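See below for the structure under consideration.
The values are calculated or read from the model by the stated rules, or taken from the named source; none is laboratory data. No experiment lies behind these values; they were computed from the predicted model shown. Positions of Cβ are generated from backbone atoms using ideal geometry, with glycine treated the same way; all protein chains shown enter the neighbour counts. Keep in mind that these areas ignore ligands, DNA and RNA; they rest on the heavy atoms of the full protein, side chains included. Shrake-Rupley method; radii C 1.70, N 1.55, O 1.52, S 1.80 Å.
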Amino acid sequence: MKLATLKDGSRDGKLAVVSKDLTQCTVVNHIAPTLQAALDDWTHAGPRLIRAAEALETGAQPTERFHEHHALSPLPRAYQWADGSAYVNHVELVRKARNAEMPPSFWTDPLMYQGGSDAFLAPRHPILIEDEAFGIDMEGEVAVIVDDVPMGASLEEARAAIRLVMLVNDVSLRGLIPAELGKGFGFFQSKPSSAFSPVTVSPDELGDAWDGGKLHLPLRVDFNGAPFGRANAGIDMTFDFPQLIAHAAKTRPLSAGAIIGSGTVSNKLADGTPGKPVSEGGAGYSCIAEIRMIETINSGKPTTPFMKFGDTVRIEMFGEDGHSIFGAIEQTVEQYKKEA
C-alpha cells in the first residue's frame with residue numbers, strides 16, 4: 001500500500017491511495033480525511049486502506065492522475081519527529097575530523113534529537129534559507145511512521161508498531177551547529193524544516209528489501225544533476241528502527257503518527273576506511289558534511305562547498321524492478337526574503 005497527502009489548500013491536505021507505479025491515485029476521505037486521522041484509527045482504517053489500494057490496482061476504484069508535484073509530505077505536520085544517528089560511521093567521521101574521541105557508548109546507545117515537526121516541507125518545495133553562510137546541507141535518510149508505542153517498549157513491540165516507511169531530506173545548517181552544541185542544549189536553529197518523500201509505503205510493499213528493521217536498498221542522492229550518493233540504507237546501520245523506536249520510547253510513550261528517522265545514510269569501504277565518491281567508484285555520500293570531513297582527514301581542510309542558492313538536490317530510492325518506490329524529493333535552495 002502506498003499513501004500520499006495531496007494539496008487541497010489546507011494545512012493537512014487530503015489522504016490518497018497511490019498505485020504501485022506512482023501513476024494513479026484515489027482520494028479516500030470516506031475512510032479518513034488525513035493520514036493522521038487514519039493513523040489515529042489504524043485498526044479500522046488500515047484494512048480499509050489496503051482494500052482501496054487493491055481496488056486501485058485492479059481498476060475497481062475511481063482514479064485520477066498522480067503528480068508528485070501535487071503532494072505534500074505524507075504528514076505535513078506531526079506530533080513527534082525524532083531523528084536518530086543510526087549510521088555510526090557518519091558520527092565517527094565527524095568527530096575524527098575535529099580530533100575528538102569517539103565515546104564507546106556511541107556504539108551501544110543511539111544518538112537522537114527532537115526535531116521541529118510543526119511544518120514539514122513538501123517534497124518539491126524549495127529550501128528557503130536567509131544566508132548561504134549558514135552552511136546549507138542536505139541529509140538523505142529513511143524514516144518510519146509508528147502507531148502508538150508504550151513507554152518502555154520492547155524491541156518486539158517497537159517492531160510491531162512500524163506502520164509506514166518513507167524518505168527524508170533532513171536539512172541542516174552546518175554553520176550554526178557548533179555554537180548551538182557549544183551551549184550544551186542541542187539543535188534548534190541549525191535544523192530547519194525537513195521534507196519527506198511524496199509517498200509513504202507499508203513495509204510489505206518493500207518485499208525482501210525490508211527485514212523488519214532495515215531497508216536494504218541504495219539511497220540515490222543527486223546533487224545538481226550528478227550522482228552524489230548511492231549508499232545502501234541496510235549496510236553499516238548500527239541501530240535498526242526497532243532499536244531507535246525503543247530508545248525514543250524509553251521514558252515516554254509515542255503517539256500514533258510519530259516519525260522516527262535513521263539519520264544520514266552512510267557506508268564505509270569493506271576494509272573499514274571512509275567511503276569514496278561515486279565518481280571514483282564508491283557509494284558516495286548522503287550529505288555534504290561527510291565528504292568535507294573526509295577531505296579534512298585526508299588533506300587538512302575541506303574543499304567541497306556547502307549548498308548555494310540555485311543548487312538542487314534529488315533524493316530517491318528504486319526497487320529491484322527499477323521503479324521508484326517513494327517518488328522523489330527534489331528541492332532547490334532559494335534565498336528566503338521576508339514578505340513586507
Practice problem: Determine the calculated [θ] at 222 nm for the chain from helices alone, applying -39500 (n - 2.57) to every DSSP H run no shorter than 4 residues and normalising by the residue count; nearest 500 deg cm²/dmol. | Solution: -5500 deg cm²/dmol
Self-check item: Surface accessible to a 1.4 Å probe, Ser279 within the full protein complex, Å²
Solution: 110 Å²
Practice problem: DSSP loop (so not H, G, I, E, B), at most 12 other Cβ within 10 Å: list which trypsin sites (Lys or Arg not before Pro) in the stretch 63-134 pass both filters. | Solution: Arg98
Quiz item: Quick one: with all protein chains in place, what share of the accessible area of the chain is carbon or sulfur, to the nearest percent (1.4 Å probe)?
Solution: 51 percent
Quiz prompt | Debye intensity ratio I(q)/I(0), log10, the chain, q values 0.09, 0.11, 0.14 Å⁻¹ (C-alpha model) | solution = -0.45, -0.68, -1.13
Self-check item: For a label point 7 Å along the Cα-to-beta-carbon line of Thr251, residues of the stretch 143-158 with backbone N under 13 Å
Solution: 152
Quiz prompt | Normalised contact order of the stretch 50-117, rounded percent, pairs of Cα under 8 Å and 6 or more residues apart | solution = 37 percent
Quiz item: For the stretch 1-67 and the stretch 69-84, what is the separation of their Cα centres, given in Å?
Solution: 16 Å
Quiz item: If ligands, DNA and RNA are left out, what is the accessible area of Trp42 with a 1.4 Å probe, given in Å² to the nearest 10?
Solution: 40 Å²
Self-check item: About the Cα centre, charge dipole magnitude for the chain (Lys/Arg +1, Asp/Glu -1 at Cβ), debye
Solution: 580 debye
Self-check item: D_trans [Stokes-Einstein, Kirkwood Rh over alpha-carbon pairs] for the stretch 194-338, 4 °C, 1.567 mPa s, µm² s⁻¹
Solution: 76 µm²/s
Practice problem: Excluding residues fewer than 8 places away in the same chain, name every one of the aspartates and glutamates whose C-alpha is closer than 13 Å to that of Lys20. | Solution: Glu54, Glu57, Asp204, Glu205, Asp321
Quiz prompt | Kyte-Doolittle mean at least 0.0, axial Cα span of 15 Å or more - DSSP H helices of the chain | solution = 288-299
Quiz item: Given a cut-off of under 8 Å on Cα pairs at least six residues apart, what relative contact order in percent is computed for the stretch 184-340?
Solution: 25 percent
Quiz item: How big is the gap, in Å, between the Cα center of the stretch 242-261 and the Cα center of the stretch 158-196?
Solution: 15 Å
Self-check item: Positive minus negative residues near Gly234 (Lys, Arg vs Asp, Glu; Cβ under 10 Å)
Solution: -2
Self-check item: Unit Cα scatterers, Debye sum, the stretch 155-228: log10 I(q)/I(0) for q = 0.12, 0.14, 0.15, 0.18 Å⁻¹
Solution: -0.55, -0.71, -0.79, -0.94
Practice problem: Report Rg (one decimal) and Dmax (nearest whole number) for the stretch 224-278, counting Cα atoms only, units Å. | Solution: 15.2, 43
Quiz prompt | Principal semi-axes in Å for the stretch 1-151 [√(5λ), Cα gyration tensor, largest first] | solution = 36, 19, 14
Exercise. Using label points projected 7 Å from each Cα along Cα→Cβ, tell me how many nm separate Asp131 and Phe318, to one decimal.
Key: 4.1 nm
Quiz item: Averaged per residue, what accessible surface does the stretch 210-264 expose to a 1.4 Å probe, in Å²?
Solution: 33 Å²
Quiz item: Averaged over all directions, how much area does the convex hull of the C-alpha atoms of the stretch 64-131 cover when projected, in nm²?
Solution: 7.6 nm²
Quiz item: Which whole-number percent gives the relative contact order of the stretch 128-267, counting Cα pairs below 8 Å spaced six or more residues apart?
Solution: 35 percent
Quiz prompt | Modelled FRET efficiency - R0 51 Å, Thr43 with Ile235, Cβ distances, 0.05 increments | solution = 0.90
